[in-house]
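What follows is a short report on a single structure.
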Amino acid sequence: MLNYIKSELYRISHSKGIYILCGICTALLLIMNLLLNAIWQSEPTFGYANTTFVFYTACTFINVVLMLTIVMGAIVFGDEYKNRTLGNSIAFGGSPIKIYLGKIIVSLIVAFLSLTVVLAIFIASSYLLLEDSGIEMLQAFLGTYLANSPILVAGLLAALTLCFLLRSETTASWSWLIIFEGVPIICLFLGMKFAFFAELYNWLAVNVIGSTQNIVGAEDFHVQWLWQVPEGLLRTLLVGLFGIVIFLVIGIVGMRRKEI
């Protein structure tokens, strides 16, 4: 498996997809900081050209990061069925489950490095271009991504698992959207009539990730994030861990039964 992981990391590092994804994300965050800086230079009383505002905004963007796990999963999967590389890997002695687990490890490595680079550039540019509002919101920003990381891992694992089992990245993407976005909407409406679905909605990833417990001062972006409350942190971690276990089991069982 180690050789497979090394070969996959080499393939991804020499493909354009991951660099395009990271480049677009970094560029959008830099543009936001540059625009705020430009407005601040022309209007010194502008109240949003500070690190509190951009870090708060980035915390609310974590739902977008969850959506981007679909793209990351597709990049790591590399259209295995279309290119017939999966069959070749098995022919050279790799079992479907080992390849599946190897892809998971590769996806976690690539996703961690990509997110770290993007966020590091974003933080550095924020302090260089904007007014420093102190360390408090930076801690909340980093804490939000750390506490919600199991949910992000679950989203990435779901994307990769669906790619393996459904053979089509397009079908996998739509299935991911139905599971993570469609099901919560259904539960939201059913929850108006049935208490079970109302409670279930509170435990779905899209409703938990990046959620706030209460707003202390909306004008100053002082909020209490769900993970900052003990029971909220427990729920956030459990949702992520449940998602990881569920999709990992589905993937292993599915790959064991699947003929390639």
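Would you calculate, for the chain, the mean residue ellipticity at 222 nm contributed by helices, counting each DSSP H stretch of 4 or more residues as -39,500 (n - 2.57) and dividing by all residues, to the nearest 500?
On the way: 14 runs with 196 residues, N = 260.
Calculated at 222 nm, the ellipticity per residue is -24500 deg cm²/dmol.
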For this session: Just subtract the alpha-carbon distance of L190 and T116 from 0.36 nm times their residue separation and send over the number in nm, one decimal.
Result: 22.8 nm
Problem set entry | Estimated vicinal HN-Hα couplings, Hz - the stretch 241-256 in sequence order (Karplus 6.51, -1.76, 1.60; Gly, Pro = x) | 5, 4, x, 4, 5, 4, 6, 5, 5, 4, x, 5, 5, x, 5, 5
Exercise. What's the long-distance tail for the stretch 97-147, i.e. % of Cα pairs beyond 16 Å?
Worked result: 56 percent
Problem set entry | Distant-in-sequence amide H partners of N50 (H built 1.01 Å from N, under 5 Å) | E131
Exercise. Counting only heavy atoms of protein chains, what accessible area per residue, in Å², does the chain have with a probe of 1.4 Å?
Worked result: 54 Å²
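Which value, in nm² and rounded to one decimal, describes the direction-averaged projected area of the C-alpha convex hull of the stretch 111-260? Write down the numbers at each step before the final one.
Values: hull surface 46.8 nm².
Averaging across all directions leaves 11.7 nm² for the Cα convex hull.
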Seminar exercise, completed: The number of Lys pairs in the chain whose alpha carbons lie under 30 Å apart, excluding pairs fewer than 8 residues apart on one chain, is 13
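Take the Cα atoms of the chain, build their convex hull, and give its volume per residue in Å³. It would help to have the intermediate numbers written out before the result.
Working: hull volume 37.5 nm³, N = 260.
About 144 Å³ per residue, rounded to a whole number.
Which order do peptides 10-22, 244-256 fall in by mean Cβ count within 10 Å, highest first? Mind showing how you got there, number by number?
On the way: 10-22: 13.5, 244-256: 16.2.
Listed from highest to lowest mean packing, they are 244-256, 10-22.
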Seminar exercise, completed: Extension length gain for W203 and V253 (0.36 nm per residue less Cα distance), in nm, is 15.5 nm
Exercise. Using the alpha-carbon centroid of each, what span in Å lies between the stretch 1-64 and the stretch 104-135?
Worked result: 7 Å
Exercise. What distance in nm separates the simple spin-label points at I24 and L146, each placed 7 Å from Cα in the Cβ direction?
Worked result: 3.0 nm
For this session: Could you sort 23-33, 46-56 so that the peptide with the highest average Cβ count within 10 Å comes first and the rest follow in order?
Result: 46-56, 23-33
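The values are calculated or read from the model by the stated rules, or taken from the named source; none is laboratory data. Just so it is clear, the model here is predicted, and its values are computed rather than measured. FYI the Cβ positions are ideal-geometry reconstructions off the backbone, even for glycines, and counts take in every protein chain you see. Heads up: the accessible areas ignore ligands, DNA and RNA and are worked out on the full protein's heavy atoms, side chains in. Shrake-Rupley method; radii C 1.70, N 1.55, O 1.52, S 1.80 Å.
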